[in-house]
Structures are given as structure tokens and as C-alpha cells.
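A.B. asks: The following block contains the structure, expressed as C-alpha cells.
Please treat every number below as a calculation from the coordinates, not as lab data. From a predicted model like this one, the values you see are computed outputs, not experimental measurements.
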Amino acid sequence: MIKFSARHEVNDLRKDMDAGFVNMEAKFDALRAELTAIKWGVWIIGAGTVAILVKTFF
């Protein structure tokens, strides 16, 4: 009887996990887009900083 109830608990946990991963790909796509935007922003700020330093010291 213990094995039978444990099996049901495992099945319930699997159902909960499946429900949690439903829109995971869409969430990762949104994060990927956000990180790309951040990367471009860091690149532009870095290029501007280098340009200011080059203009100031050279």
C-alpha cells in the first residue's frame, strides 16, 4: 500500500512540474531578447567611454 500511494504522489509531482514548464520557451525567448538589448547598451556605452578617453589623452 505504501508503494501505491508513493506512486500517486510522484504522478502528482510530475503533473505539477509539467504545469510549471508550460510557457518556459516563451520566457526564455523574452529573456534572450532582453539580454541582447542589454548587450547592445553595454557595447554602446563602452564604445563611447573609449572614444572619450582616446579624445582626452591622445
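A.B. asks: Quick check: residue separation of Thr56 and Met17 times 0.36 nm, minus the Cα distance between them. What number comes out in nm?
C.D. replies: My answer for the length gained is 8.4 nm.
A.B. asks: Where the eigenvalues come from the Cα gyration tensor of the chain, what are the semi-axes √(5λ) of the equivalent ellipsoid, largest first, in whole Å?
C.D. replies: Each semi-axis is the square root of five times an eigenvalue, giving 54, 12, 4 Å.
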